[in-house]
DNA sequence: GTTGGTATCTGTGGA
DNA sequence: AGATACCAAC
């Protein structure tokens, strides 16, 4: 107890641990002992006399939360279990279960995953008779998600001229209406999507019924946030609600690294780090920078440093290592994707032999999950054990989702997506058109589909089948409060006919599906019986109800599934998934333009910066050996494509890379000469060609004006605007549909600096 | 309503 | 290439 944990820390780390009161920002480079600081800080808070349940620690993955708890336990023992440590989503779901009635939800609310969400949106688009080509379901979903993450309600969305204009521009003028209907339908279904778990909590705190907010403000005396650079506006808004109020001690500590922010695509913003500094400056914020890297050798650390310097905006820091030079970075060039697979696998074999590495010391990291296949083939050929992370998780398999849908319905009959999924599976003679009819009926009557089900107009045979179905769900529902989750699940699996259906399928795949179903049931059994998996309710009691089980698995990812087991295998995963992990030998593959950096990001500087941060994350996973590879050609969609080597390869300083004939690399900062630097990326748009603007702006010739595509507008360009004349693009912010340019129009004398939404601006590129 | 074949689309990351 | 969406025939 109260061990000498403080002695295991360096000076900065120790400061970050012992300064437990007041606001703290920890900027933590890769491999700098961030988790250690976070866990020891929590342990230190507990040692100072604070009850574990008064500490809230938010992470992004269950794995991070689990690891944190484990390491706290090493210092303070069993008390660690009572710390409120978990993912944003799981902790918030826990609170929402208790408070659900205050915002008009049942505590047995369903959590909709992406598939459910897509299905709801698809149904709405169909019902509104909208063109499904223009109204791409996923595009609408991400738009709605972005709105929620930016605290924009359907009402605010409908009133927001800018957003509406963007939608008109994208030929989706009714997006606002879909959003409104989607929210209403989720509510009707007693369902929350991933964003709702955040948004509804925010709403609860905002409305503050029965002094709810004060209750949680009083409860969580110390708040800690991991991976703060990955939080979105909404998440930070909730954190502020909890800690930033009059009379608050503001015991909040956020840990993050702007250079490792790789989730801007889902609304994360490093602006939160900057805002945090501003928001808490008046309250004596303390900032600690962890810059010593304990993970990697110098060639690797310096490569990472040099690469990230190509990004424009960042918090100044220099990561260093005292682990010695180590091996240089190796670059593998291959003609084809297949050859890349072979040569990487050869090198893995070499590493195993030469450096006595085990499979578990090695990882292959790629930009997209679809790249795993070729490496799997080669690893199999060499008989090297491997494990692929990502892709379809166990809970996303059809047969598993089917049974889960039944269970969801048992717990919450309002759950429309579950009902749609299982009403005619196994077949009961209720086809798509009948289901649509039912849905329309429910919509116009303001009832749930379940309520309309009994009165459904159908043939005698179908009616009987439906009645049996309703009966089965009902009787299972009655058992929920008393019987254990496993027993209910087994009887539903049998009663629904799912088991019989799968048993009748004697193909290999069919047997596999039955096995998966049984594995799911086993999982529920262990949830009910074993001590190791604990789901605590808001009061800290163990909750083994079916409802708790369903809400728990909805927030699991496949990573949480697989990583628990040991075993000696090479790890194959996306770079995103690798964040926070480390391996002795890391292969970053597919380093080609349009792939890494992704073609989706290639057209905007912000997108490229994020890709570069992703590359930075990949590079810094390596402890001793880093190998980069690319192929000149690869198959995509059955077609051979040729790609240039990634620009990131060029950014690897040659002094840190093994010299090979084909690899040129970059000069390091030290050897770079002045003229080259002057033409480099350091120059900001403000200085480019300033003063060369034509004086005495001529009137714009409207007849010859031809607007350039909005996505081609980039920082530094000179553009023509019909009203404002010629201008210079000083800055472009935002991504994809949301790009905003700051343009300096000399002719507009009142206010020459205009901020313009590129999506609907008519601009012609001059140069 | 169901089945099976053909057209179409896909192209990042994930809680 | 592989999954899904859509349509025509049963």
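The values are calculated or read from the model by the stated rules, or taken from the named source; none is laboratory data. This is a predicted model, so every value here is computed, not measured. Heads up, the Cβs are rebuilt from the backbone with ideal geometry, glycines too, and the neighbour counts pull from every protein chain shown.
Checking each residue in the stretch A:311-342 for being under 17 Å from residue A:571 (Cα atoms) and surrounded by fewer than 19 Cβ atoms within 10 Å (Cβ to Cβ) picks out only A:342.
Does residue A:101 satisfy being within 16 Å of DNA strand C (Cβ to nearest atom) and either buried (at least 24 other Cβ atoms within 10 Å of the Cβ) or without any contact (Cβ under 8 Å) to a residue 24 or more places away in the chain (or both)? No, not satisfied. Considering A:644, A:623, the condition of being under 29 Å from residue A:361 (Cα atoms), more than 23 Å from the chain's Cα centre (by Cα) and more than 16 Å from DNA strand C (Cβ to nearest atom) is satisfied by A:623 alone. Just wondering, is there one or more residues in the stretch A:33-48 that are outside any helix (DSSP H, G or I) and without any contact (Cβ under 8 Å) to a residue 40 or more places away in the chain? Checked against the condition, which is being outside any helix (DSSP H, G or I) and without any contact (Cβ under 8 Å) to a residue 40 or more places away in the chain, the stretch A:33-48 yields at least one hit. Considering every residue within the stretch A:343-360, establish whether at least one is within 16 Å of DNA strand C (Cβ to nearest atom) and touching a helix residue (DSSP H, G or I) at 6+ places or on another chain (Cβ under 8 Å). Scanning the stretch A:343-360 turns up no residue that is within 16 Å of DNA strand C (Cβ to nearest atom) and touching a helix residue (DSSP H, G or I) at 6+ places or on another chain (Cβ under 8 Å).
Of the helices (runs of 4 or more DSSP H) lying entirely inside the stretch A:396-507, those containing at least 3 residues that are within 16 Å of DNA strand B (Cβ to nearest atom) span A:398-411, A:416-422, A:432-445, A:449-453, A:460-479, A:498-503. The residues of the stretch A:128-149 that are farther than 28 Å from residue A:550 by Cα and more than 14 Å from DNA strand C (Cβ to nearest atom) amount to a single one, A:128. Give the residues of the stretch A:362-395 that are farther than 22 Å from residue A:630 by Cα and either assigned to a helix (DSSP H, G or I) or over 25 Å from the mean Cα position of the chain (by Cα) (or both), sorted by residue number. Within the stretch A:362-395, A:383, A:385, A:394, A:395 meet the criteria. Answer yes if at least one residue in the stretch A:522-539 is surrounded by 20 or more Cβ atoms within 10 Å (Cβ to Cβ), modelled with pLDDT of 80 or more and in a loop (DSSP other than H, G, I, E, B), and no otherwise. No, the conditions are met nowhere in the stretch A:522-539.
Residues in the stretch A:70-88 that are surrounded by fewer than 19 Cβ atoms within 10 Å (Cβ to Cβ) and touching a helix residue (DSSP H, G or I) at 6+ places or on another chain (Cβ under 9 Å): A:70, A:71, A:73, A:74, A:79, A:81, A:82. Please verify whether the stretch A:147-157 includes one or more residues that are within 15 Å of DNA strand B (Cβ to nearest atom), under 28 Å from residue A:68 (Cβ atoms) and at pLDDT 90 or above. Within the stretch A:147-157, one or more residues are within 15 Å of DNA strand B (Cβ to nearest atom), under 28 Å from residue A:68 (Cβ atoms) and at pLDDT 90 or above.
Take the conditions (1) assigned to a loop (DSSP other than H, G, I, E, B); (2) within 15 Å of DNA strand B (Cβ to nearest atom); residue A:115 misses just one of them, which is (1). Which residue is farthest from residue A:393 (Cα to Cα), if the candidates are limited to the stretch A:115-124 and must be touching a residue at least 40 places away in the same chain (Cβ under 8 Å) and surrounded by fewer than 20 Cβ atoms within 10 Å (Cβ to Cβ)? Taking the candidates together, the pick is A:119. Listed here are the helices (runs of 4 or more DSSP H) enclosed by the stretch A:578-678 that have at least 3 residues being modelled with pLDDT of 90 or more: A:605-619, A:647-650.
Once the stretch A:209-226 is narrowed to residues that are more than 20 Å from residue A:21 (Cα to Cα) and touching a residue at least 60 places away in the same chain (Cβ under 8 Å), the residue that is surrounded by the most Cβ atoms within 10 Å (Cβ to Cβ) is A:212.
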